[in-house]
Amino acid sequence: MTTRFNRRQFLATGSATVAASVFLKACASPSSNNSTTTASPDTAASPTTQGFKAAIVLPGVITDKAWNQTGYAGLNEVKKQGAEIAYVEKIGQAEQAEALSDFARRGFNLVYAHGGQFDAAIQQVASQFPKTFFVGVNGAATGPNIAALRIDHLQASYLCGMIAASMSKSKRIAYLAGQEFQATQEELRGLQLGAQSVDPTIQVSSTFTGDWNDAAKAKEAAAALISSGSDVIYQWLDNAAPTVLQTASDQGIYAFGNTADQFEVAPKAVLTSAVKRIDLAIAKLADLAQKNQLKGQIYSFGLEEPTILHLGKFNPVVPADLQAKVKKTEDAILAKRIMFETCTEGGKSTRCVKGAA
């Protein structure tokens, strides 16, 4: 049996449900005021590991088949390790510090903040709760009890950029995401570098809707990009992702899935997906935490961890020779024949490619 509360009810009565398995989700709109928390008695839960408790704060909903659902799946992987778990979903920008603090006050050992947009809130509350370790997924903040968990988005988007440039007829491709922060900037940069490795003249535009889950905003943004001439869209959205992929399909252009293998969402449009098994990475850090080995540093997972980061199913329209070229490039990245280094362009620090396949 699962009982559902709104956030205010949970904060008032949550102490009565902490003994149960609770699940938190936060990958929704940063301006969302409709946060909800689910408490689940879960009588079949495995015994806790010396009382270890882990929670995740999500900006969106756990059914988005993308970012938030993957975070929730990671929490369930932690549960398999014997931990007591909890989650809260649809946490907006104004509620982040409160949600993180609430779990710390309830004695949770490990609290994940599921998105780079949580960095400021983590830094605000971590020093107040030295016995709780906070992990910013896609974050950049570190400290005595703060770690950042990252996927090397640039590596995967570089490979997708090669595909996008090869499949584009208009020589215009686009990047569409919910918010602009370090992870999305790196993913955009990888798309640009990969595309330019195929065609230096290709144009890459970008749009940030300000909301990971607003399907109407995402559809409007996708339509605008298509109207401007883009015929391939690389999207990173949550609940709004299917709308963008279906819009691409309806308009007869191509797109990329993200986080999950989203080929089946729009099989006419999706060329492949940047599959990011955040759930497995979350479980890895929880295992370190339970062994008291988690440190205040950045943990990054790239193509060298193929169970965590890889390309998904290829659309049959992607030629076999192009797929082979992408695989050769991936091998070169793993062998460090291709490396991404910090450089300066136009007076700004960015990432550049060194080497070749």
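The values are calculated or read from the model by the stated rules, or taken from the named source; none is laboratory data. What you see is a predicted model, and the numbers here were worked out from it, not measured in a lab. So basically every Cβ, Gly included, is an ideal-geometry build from the backbone, and we count neighbours across all protein chains shown. With ligands, DNA and RNA removed, areas are computed over all heavy atoms of the protein, side chains included. Shrake-Rupley method; radii C 1.70, N 1.55, O 1.52, S 1.80 Å.
Per the conditions (1) closer than 20 Å to TYR299 by Cβ; (2) open to solvent by 30 Å² or more (accessible area, probe 1.4 Å); (3) modelled with pLDDT of 95 or more, the sole criterion not satisfied by GLY107 is (1).
Residue count for the range 198-217 under the criterion of being closer than 19 Å to ARG172 by Cβ and assigned to a helix (DSSP H, G or I): the result is 1. Of the residues making up the range 312-357, those that are touching a Cys at 6+ places or on another chain (Cβ under 8 Å) and either of a type in the set (D, E, K, R) or farther than 16 Å from GLY161 by Cα (or both) are GLU341, THR342, CYS343, GLU345, SER349, THR350, ARG351.
Do we have VAL275 as within 16 Å of GLY161 (Cα to Cα) and under 13 Å from the mean Cα position of the chain (by Cα) here? Taking the combined requirement at face value, the residue satisfies it. Scanning the range 66-82 for residues being open to solvent by 10 Å² or more (accessible area, probe 1.4 Å), of a type outside the set (Ser, Thr, Tyr) and either in a helix (DSSP H, G or I) or free of Cβ contacts under 8 Å to residues at least 40 places away in the same chain (or both) gives a total of 6. Within the range 181-197, can one find any residue that is crowded, with 20+ Cβ neighbours inside 10 Å and not in a helix (DSSP H, G or I)? So far as the range 181-197 goes, no, none of its residues is crowded, with 20+ Cβ neighbours inside 10 Å and not in a helix (DSSP H, G or I).
Taking ILE85 as the residue in question, decide whether it is among the hydrophobic types (A, V, I, L, M, F, W, C), surrounded by 24 or more Cβ atoms within 10 Å (Cβ to Cβ), at pLDDT 95 or above and within 12 Å of ILE278 (Cβ to Cβ). Here the answer is no, as ILE85 does not meet what is asked.
Would you point out which residue out of ALA248, ALA255 is without any contact (Cβ under 8 Å) to a residue 60 or more places away in the chain, of a type in the set (A, V, I, L, M), in a strand (DSSP E or B) and open to solvent by less than 10 Å² (accessible area, probe 1.4 Å)? Quick ask: steps written out before the conclusion?
Details: ALA248 fails: in a strand (DSSP E or B).
Of ALA248, ALA255, the one residue that is without any contact (Cβ under 8 Å) to a residue 60 or more places away in the chain, of a type in the set (A, V, I, L, M), in a strand (DSSP E or B) and open to solvent by less than 10 Å² (accessible area, probe 1.4 Å) is ALA255.
The listed residues are ALA164, ALA215, ALA221, and the only one of them that is touching a helix residue (DSSP H, G or I) at 6+ places or on another chain (Cβ under 6 Å) and crowded, with 24+ Cβ neighbours inside 10 Å turns out to be ALA164.
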